[in-house]
Amino acid sequence: MNNQYDMLSSESLRRIDREVAKYPADQKQSAVMAALVIAQDEKGWLAKETIAAVASYLGMAPIAAYEVASFYNMYDLNPVGKYKLTVCTNLPCALSGGVHAADYVKQKLGIDFNETTADGKFTLKEGECMGACGDAPVMLVNNKRMCSFMLPEQIDKLLAECK
Amino acid sequence: MALIDTINPLLTTGWAKGDAGWSLKDYEARGGYAQLKRILSSKMSQDDLIAEVKKSVLRGRGGAGFPTGLKWSFMPKAAPEKYVVCNTDEGEPGTFKDRDLLRFDPHSTIEGMIIAGYAVGAKRGYNYIHGEIFEIYQRFEEALDQARAAGYLGNNILGSDFSFDLFAHHGWGAYICGEETGLLESIEGKKGQPRFKPPFPANFGLYGKPTTINNTETFAAIPFILGMGGEAYLNLGKPNNGGTKLFSVSGHVNRPGNYEVPMGTPFAKLLEMAGGMRGGRKLKAVIPGGSSAPVLPADVVMECTMDYDSIAKAGSMLGSGAVIVMDETVCMVKALERLSYFYFEESCGQCTPCREGSGWLYRVVHRIEHGEGRPEDLDLLNRVTDNMMGKTICALADAAAFPVRSFIKHFKSEFEYHIEHKKCLVDPDVQRAGSGFFSASATAGTV
């Protein structure tokens, strides 16, 4: 029999199980945020079918999972480039060059916020406070890697690293 | 960023070795888990434990400053299922202390949460960690594994009849989840929309069960308070403002970073510890407690001491201890525009005054900044804030309103100049140079 969550790899399902175990047995839905992250890690972004698969695995309504996926900023509901760069431009970061760092990346890649380079390599996003204002300018790579003190030289280095 | 400077370090004693001093054996070597052992072996009563915390006058470090011991005492004793929750959803612009606490010394927060669990009779806890700091979340998970393996977490901790387990829940980018009931909704796997209060979490919290929620720094302080005694901790600070506090200093200083100082330390001293003003430029304004706190002009803040009461008297809030320093290169209209955009972007949308008001504020400030302001706009902004403050389920509407009102109050002439002359009082080239981005590297390309 085909389950709706067959589209997720067994490795992903194993990782989701580990998250489910953190919560009381009757509160599986608590793992939905982590499960969506795991699904996004595997698929690159969250298509409606992927969200439905997560919902089905956790025994919740697809709309409830979609509400979560559309509420939190770091879920990608559309395809993104291989490297999603998110630059914080909030005030504390801006005082130390956050906006200028974003301008610099835009010019280097030839794209604006919420755009992807033609080769599909980079997507640029404007971020809100990442809780690292002392390290400004700050950027996130693919949601999980934080890069601190991103002055021109460091940005050049990062872009060159992203193959 | 590692810690640079302290006065009477307490919370940051473990930060000396940077990333090399966070693990369990390092924490134990500096006296870690000794308080948990003492409480369990002496079978200390819950009332005595809470009384000791009350004596310290530890006030919640997340922003509201509510007395921690009092909060713990609100938990109903008889309830069979209770929770302890830690708020590490640190997304208030300017705040970055909890990230470093979990990075350099995660076990002090873990020990503080276990002790809190003992005090309020909870068997399970969650630490909600800000989405953008995945590496810190991973470290905390590793620290939890260490604590579990050493018998500090789980059933019958250290052979006692007390059982407690603790898990990390990772956020994924929503400022509103820093609001405690929004955070609880988020742990339950829902949108992080705050709940109407009352009932408060002590009665109806996670999964509808009694729950104590404190900030990371609050939990991290607990082992130190019990180690030195509540009274000694209180005496480190000022009456009604116990202990030391972490201040995250950002913006136009030479050495942005976290500084631990006793409550009541003069702002001027904190500024000096952060290396003074960048490029020797003149201080213009400071937001003393995170972006939601009213801004204070230089002459006012220079007379303040860093504690709840002094900052409140000056007309602002100590908040989370996020000190955003702005020098004379800053255009206050532009600064406010960015903050207003933030609250617009992060409003969860469930209360009309906030959902509509935050966007309205942003659009009006935006048009003033872009030379399309109207003479009546400043009155309009104040009027919109009147219709937001105190009229919503949570404090985000107030947080959006405070910057608008205080920026206009203290820097009215700048706003008027923008409206009248359709340009900024501060020269654009001066503003551009202020960030230091372009002068930072001689070899880098130009934009």
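Scanning the range B:403-435 for residues that are surrounded by fewer than 18 Cβ atoms within 10 Å (Cβ to Cβ), within 13 Å of another protein chain (Cβ to nearest Cβ) and under 23 Å from B:Pro93 (Cα atoms) yields B:Gln431, B:Arg432, B:Ala433.
Looking across the range A:116-155 at every residue that is among the acidic types (Asp, Glu) and facing chain B (nearest Cβ under 7 Å), the one that is surrounded by the most Cβ atoms within 10 Å (Cβ to Cβ) is identified as A:Asp135.
Among the residues of the range B:109-125, the ones that are closer than 22 Å to B:Gly62 by Cα, out of contact with any helix residue (DSSP H, G or I) (no Cβ under 6 Å at 6 or more places or on another chain) and within 12 Å of chain A (Cβ to nearest Cβ) come to 1 in all. Determine if the range B:385-394 includes at least one residue that is without any contact (Cβ under 8 Å) to a residue 60 or more places away in the chain, open to solvent by less than 40 Å² (accessible area, probe 1.4 Å) and farther than 22 Å from B:Ile176 by Cβ. Scanning the range B:385-394 turns up no residue that is without any contact (Cβ under 8 Å) to a residue 60 or more places away in the chain, open to solvent by less than 40 Å² (accessible area, probe 1.4 Å) and farther than 22 Å from B:Ile176 by Cβ. Which residues, counting only those in the range B:368-398, are among the acidic types (Asp, Glu) and farther than 30 Å from B:Gly182 by Cα? If the condition is that a residue be among the acidic types (Asp, Glu) and farther than 30 Å from B:Gly182 by Cα, then B:Glu369, B:Glu372, B:Glu376, B:Asp377, B:Asp379 are the ones that fit. Residues in the range A:14-22 include none that are at the interface with chain B (Cβ under 10 Å from one of its Cβ atoms) and either under 16 Å from the mean Cα position of the chain (by Cα) or under 24 Å from B:Ser347 (Cα atoms) (or both). For the range A:92-113, residues that are more than 19 Å from A:Met146 (Cβ to Cβ) and either within 7 Å of chain B (Cβ to nearest Cβ) or at pLDDT below 95 (or both) total 2. When restricted to residues that are open to solvent by 40 Å² or more (accessible area, probe 1.4 Å) and within 11 Å of chain A (Cβ to nearest Cβ), the range B:218-253 contains 0. Inspect all residues belonging to the range A:136-149 and state whether any of them is touching a residue at least 60 places away in the same chain (Cβ under 8 Å) and either more than 25 Å from B:Pro403 (Cα to Cα) or within 18 Å of the chain's Cα centre (by Cα) (or both). Yes, there is a match, as at least one residue in the range A:136-149 is touching a residue at least 60 places away in the same chain (Cβ under 8 Å) and either more than 25 Å from B:Pro403 (Cα to Cα) or within 18 Å of the chain's Cα centre (by Cα) (or both).
Within the range B:74-89, track down each residue that is part of a loop (DSSP other than H, G, I, E, B), touching a residue at least 12 places away in the same chain (Cβ under 8 Å) and either small (Gly, Ala, Ser) or open to solvent by less than 10 Å² (accessible area, probe 1.4 Å) (or both). Result: B:Ala79, single match.
The set of residues in the range A:42-67 that are within 19 Å of A:Lys144 (Cα to Cα) and either within 11 Å of chain B (Cβ to nearest Cβ) or in a loop (DSSP other than H, G, I, E, B) (or both) comprises A:Gly44, A:Trp45, A:Leu46. One residue stands out among those in the range B:313-352 that are touching a His at 6+ places or on another chain (Cβ under 7 Å) and among the β-branched types (Val, Ile, Thr): the one that is surrounded by the fewest Cβ atoms within 10 Å (Cβ to Cβ), which is B:Val333.
The values are calculated or read from the model by the stated rules, or taken from the named source; none is laboratory data. If you're wondering where the values come from, they're calculated on a predicted model, not measured in any experiment. With ideal geometry, Cβ positions are generated from the backbone for all residues, glycine too; neighbour counts draw on all protein chains shown. Accessible surface areas use protein heavy atoms only, side chains included; no ligands, DNA or RNA. Shrake-Rupley method; radii C 1.70, N 1.55, O 1.52, S 1.80 Å.
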